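> One structure coming up, written as structure tokens, with questions to follow.
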Amino acid sequence: MDFAFDARTEELRSRLLAFMDEHVYPAEQVAEEQRARLASPWDTPAVVGELKAEARRQGLWNLFLPDAEYGAGLTNLQYAPLAEITGRSPHLAPTATNCAAPDTGNMEVLFQFATEAQKKQWLEPLLAGEIRSAFAMTEPDVASSDATNIETRIARDGGGTSRSSGAESGGDYVINGRKWYISGAMNPDCAVFIVMGKTDPDGEDIRRQQSMILVPRDTPGVEVRRAMQVYGYEDHSHGGHAEVVFHDVRVPASNLIGEEGGGFAIAQARLGPGRIHHCMRLIGMAERAIELMCRRAVARTAFGKPLAAQGVVQNWIADARVTVEQLRLLVLKTAWLMDTVGNKGAHTEIQAIKIATPRAVVDILDSAVQLYGAGGVSQDFPLAELWASARTLRLADGPDEVHQRSLARREIKRYV
């Protein structure tokens, strides 16, 4: 077995590590200071634009997209160590390299399922970093961990469609519903929503009731009602998490993505890469936590000796290192499987990393917070915000229990 990165991955890793040291880490404090002076907390600090320009100049742009025409042409296995590096500054580096959720998932949806006209209108400016986007799936009034529960209605008004080809013959769709925790929706550069709702709520197949449709943000009837906090944080860097209400929102039938009834399948195609990308970045967050723990441990003294000499602190650091090495190997195996046998063939491993990684990284960050004492829960260090992000990922893209249920059923099925 060869665990070495290939030449292209090593070259990109070297450039990305230098970019982080020279540009991203110094910009973290600058971004916070600039944000405090902005007219709106959702406006983008100037330093973010500077980082994006520099990343693009260095060719560190759209690394997530495996297609060579639209993206960097990297495999999942090549992208994994790069995403890990950006995860060390999760609120700045992914945005700087145009590899931030929810845009990455939305661009993948558009790349795989959009018409040429839809790609021209929305995918190309997203790839260029000229606009941002949002993905509207989760709803407050139903258990959205079961996507078949979604109640938002996408009703056809006039015209017709071919269910087999998705070809449109005029008419509109009218959208009514209420969504929340819609990532990216607070960003003033957010220009379009990908909305999931039901086009056939009474359909016999509950996984063919849903469709996805493009809704420009400035469409009449779209109400971005409020920003949703995450453990008291408002995730400015990713454009916030909003409650959004759609009141008789009318868009052309040509805005449908794919075919009617294809929404559930599109969502599954979108979430597979999204889940592994989150886990890649989580490993970077854990690595930064270990670094911060070690720096604190050698710099602080308690009860007559450095914290680094305290047995409990040594245990935290040792356990964290072992855990990260285990997680990284599982994520790399999953990435390799996605490249070689496809997302469906890697289904068990994708679920395994989605269960294991956020849970373990939360524990590592919790130890780091404990080591920093009051500073760990303060705004003076990144640990509290990193903890909130990692804890949220036990819910995002499906809660732990949904993945555990599915994985267990797959395991048990072999013995039935």
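The values are calculated or read from the model by the stated rules, or taken from the named source; none is laboratory data. This one's a predicted model, so the numbers in the text were calculated from it and none came from an experiment. FYI the Cβ positions are ideal-geometry reconstructions off the backbone, even for glycines, and counts take in every protein chain you see.
> Going by the conditions given, is Ala267 aliphatic (A, V, I, L, M), within 25 Å of the chain's Cα centre (by Cα) and either assigned to a helix (DSSP H, G or I) or modelled with pLDDT of 95 or more (or both)? I'd like the intermediate steps shown before the answer.
On the way: aliphatic (A, V, I, L, M): yes; within 25 Å of the chain's Cα centre (by Cα): yes; either assigned to a helix (DSSP H, G or I) or modelled with pLDDT of 95 or more (or both): yes.
Criteria met by Ala267.
> If the requirement is being surrounded by fewer than 23 Cβ atoms within 10 Å (Cβ to Cβ) and modelled with pLDDT of 95 or more, which of these qualifies: Arg88, Arg163, Arg132, Arg156?
Sole residue among the options that is surrounded by fewer than 23 Cβ atoms within 10 Å (Cβ to Cβ) and modelled with pLDDT of 95 or more: Arg156.
> Could you give every pair whose Cβ atoms fall below 6 Å, whose first residue belongs to segment 315-328 and is on the phi > 0 side of the Ramachandran plot, and whose second residue is hydrophobic (A, V, I, L, M, F, W, C), counting only separations of at least 6 or pairs across chains?
The qualifying pairs do not exist here.
> Taking Arg328, is it assigned to a helix (DSSP H, G or I) and more than 19 Å from Met196 (Cβ to Cβ)?
yes
> Evaluate segment 333-356: report whether one residue or more is free of Cβ contacts under 8 Å to residues at least 12 places away in the same chain, surrounded by 13 or more Cβ atoms within 10 Å (Cβ to Cβ) and within 20 Å of Ser145 (Cβ to Cβ).
No: segment 333-356 contains no residue that is free of Cβ contacts under 8 Å to residues at least 12 places away in the same chain, surrounded by 13 or more Cβ atoms within 10 Å (Cβ to Cβ) and within 20 Å of Ser145 (Cβ to Cβ).
> A further question follows. Kindly establish whether Phe246 is surrounded by 23 or more Cβ atoms within 10 Å (Cβ to Cβ) and touching a residue at least 60 places away in the same chain (Cβ under 8 Å).
Taking the combined requirement at face value, the residue satisfies it.
> Another one. Assuming Ala185 fulfils every condition listed in (1) within 30 Å of Arg394 (Cβ to Cβ); (2) modelled with pLDDT under 95 apart from one, which condition is it?
Status for Ala185: all satisfied but (2).
> Select, from Ala308, Ala267, Ala289, the only residue that is among the hydrophobic types (A, V, I, L, M, F, W, C) and closer than 30 Å to Pro201 by Cα.
Exactly one residue qualifies, and that residue is Ala267.
> Of the residues that sit in segment 46-70 and are under 21 Å from the mean Cα position of the chain (by Cα) and without any contact (Cβ under 8 Å) to a residue 24 or more places away in the chain, which one is farthest from Val224 (Cα to Cα)? Outline the logic, then answer.
Filtering segment 46-70 for residues under 21 Å from the mean Cα position of the chain (by Cα) gives 48-49, 51-52, 55-56, 60-67, 70.
Keeping just the survivors that are without any contact (Cβ under 8 Å) to a residue 24 or more places away in the chain gives 49, 66.
Working: Gly49: 24, Pro66: 33 Å.
Among those that are under 21 Å from the mean Cα position of the chain (by Cα) and without any contact (Cβ under 8 Å) to a residue 24 or more places away in the chain, it is Pro66.
> Next question. Read through the list (1) of a type outside the set (D, E, K, R); (2) in contact with a strand residue (DSSP E or B) (Cβ under 6 Å, 6 or more places away or on another chain); (3) closer than 22 Å to Gln118 by Cα, then give the number of the only condition that Val224 fails.
Failing condition for Val224: (3).
> Same structure again: Quick check on my filter: what residues within segment 374-398 are acidic (Asp, Glu) and outside any helix (DSSP H, G or I)? Outline the logic, then answer.
Pass one, segment 374-398, residues acidic (Asp, Glu): 380, 385, 397.
Listed by number, the residues that qualify are Asp380, Asp397.
> Looking only at segment 63-82, which residues are out of contact with any Lys or Arg (no Cβ under 9 Å at 6 or more places or on another chain) and part of a loop (DSSP other than H, G, I, E, B)?
If the condition is that a residue be out of contact with any Lys or Arg (no Cβ under 9 Å at 6 or more places or on another chain) and part of a loop (DSSP other than H, G, I, E, B), then Leu63, Phe64, Leu65, Pro66, Asp67, Ala68, Glu69, Gly71, Ala72, Gly73, Thr75 are the ones that fit.
> Name every residue in segment 83-106 that is in contact with a strand residue (DSSP E or B) (Cβ under 8 Å, 6 or more places away or on another chain) and either over 17 Å from Pro216 (Cα atoms) or assigned to a helix (DSSP H, G or I) (or both), in order of residue number.
Ala101, Asp103, Gly105, Asn106
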